[in-house]
Amino acid sequence: MEKTKENHFHIVLFPWLAFGHIIPFLELSKSLASNGNGDIQISFISTPSIIKRLSPIYPPSLKSLINFVSIDLPLVDNLPAGCEATIDLKDEEQTQYLKIAYDLLQAPVEMFLNQIKLDLIICDVINCWMPEIGAKLHVPTALFSVSYAPSLAFFGPPSEFKESNSSRSPEYLTSLPEWIPFPSSLAYRYHEAVSMNEILNTKDATGLSASDRLVKVIEGCNFVLLKSCTEFDGDYLNLLKDLYQKPVVFRSFTTASCSGFIS
C-alpha cells in the first residue's frame, strides 16, 4: 500500500467476504474518494483472492486515491482451501467456517491499523469487533449496512435482541412490531419468518448469532451508514435514529451526482 499523505483524510473500509457486501463497499469507496478534492484517501481491506477478482477502479482518476490492502485469510477446519468468499462455498453450512476465518483477521487488521494514520473506519455487520479496535485507536467507526432501512427498523432496537434467545418463536416476525408508529405493511410470511428467526437467533460455530453481531456493532459504532433516500424510506430513517440512539447517515439518490450523504 502507498503511504497516505499527511494532509489526506484517511478512511479504511473492510466488508464481509460476500460480493453482495464487497461491491457496495467498493462503490462507497469510489463515492467518498470522488467527493473530495483529491484529499480523501481510501484503504480497502480484503483477501488476496477477492482483490484479484474486483474490476479495475473507474474512473482512472480515482486509482491513486483507493489502495487495496490484502490480508491472507487463515486456514480453518471445515473450510476448503481457496474459499475466500461466500460464492466459493458449496453450501450455506460452510458460511459459519468462513466467519471463523474472518474473525481471525481481527489481529492482523488491528496490527495494520496501528501502523497507519487514519481518521475513520467503516465496517460491516459481520466484523462486529471493528468498533472495539476503533475505540483502542481513538478513531470513530461507522457501520455501513447493505440492508434496507425498513428491514433494520423492523428488527427494532438492540435491546430487543438482548432480551430474546434461540427459543423465540417466529410468530413475532409475522406482524408489524410495536415500535413502528406509522402505517406499514412490513411483515414476514410464516415460512419466511421461520427461516429468518433461525438466522437471527441461532448461534453458529463462531458462538455468535446474526443478532449478536448486529447488536454488538450497532452499540459499538459511532454512526450508521445506509444506502437510501428520504423519498422511499424517510419515516424509517428517522425511526432508526431513535431506535439506535445515534446518527444515521444515508446516501441520497436525489442529488445530481447521486453521491451525497445526508444525516
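Here are the numbers for this structure:
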item: When each of Lys63/Lys117; Lys30/Lys52; Lys63/Lys246 is checked by Cα-Cα distance, pairs over 27 Å; result: Lys63/Lys246
item: Sulfur and carbon atoms: percent of accessible area, the stretch 213-255 [1.4 Å]; result: 51 percent
item: Per residue value of the accessible surface for the chain (all protein chains in place, 1.4 Å probe), Å²; result: 49 Å²
item: Read-out Cα extents along the principal axes in Å, derived from the coordinates shown; its label in (1) 62, 58, 28; (2) 52, 47, 33; (3) 68, 38, 31; result: (2)
item: Compactness of the stretch 1-146 - radius of gyration and Dmax, Cα, Å; result: 15.0, 46
item: For Phe68, distant residues with modelled amide H under 5 Å away; result: Phe44
item: Cα gyration tensor, the stretch 109-260 - rounded (a/c under 1.5), prolate or oblate; result: oblate
item: 3J(HN,Hα) from dihedral phi, the stretch 32-43, Karplus parametrisation 6.51/-1.76/1.60, rounded to Hz, x for glycine, proline; result: 5, 5, 6, 7, x, 9, x, 10, 10, 10, 10, 10
item: Carbon + sulfur, % of accessible area of the stretch 5-105 - ligands and nucleic acids excluded, 1.4 Å; result: 53 percent
item: Amide H contacts of Leu225 (H built 1.01 Å from N, under 5 Å, at least 5 apart or other chain); result: Leu143, Phe144, Ser145, Val249
item: Size of electric dipole in the chain: Cβ of Lys, Arg +1 and of Asp, Glu -1, about Cα centre, debye, nearest 20; result: 700 debye
item: Whether the stretch 142-214 is rounded, prolate or oblate, judged on the alpha carbon gyration tensor where a/c under 1.5 counts as rounded; result: oblate
item: Under the Karplus curve 6.51 cos²θ - 1.76 cosθ + 1.60, θ = phi - 60°, whole-Hz ³J(HN,Hα) for the stretch 238-248, x wherever Gly or Pro sits; result: 5, 5, 4, 4, 6, 5, 8, 6, 7, x, 10
item: Per-selection metrics, the stretch 1-73 (Cα): Rg and Dmax in Å; result: 11.7, 34
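The values are calculated or read from the model by the stated rules, or taken from the named source; none is laboratory data. All values derive from a computational prediction rather than experimental measurement. Cβ sites come from the backbone with ideal geometry, for glycine too, and all protein chains shown count toward neighbours. Note: accessible area is taken over every heavy atom of the protein model, side chains too, but ligands, DNA and RNA are not part of it. Shrake-Rupley method; radii C 1.70, N 1.55, O 1.52, S 1.80 Å.
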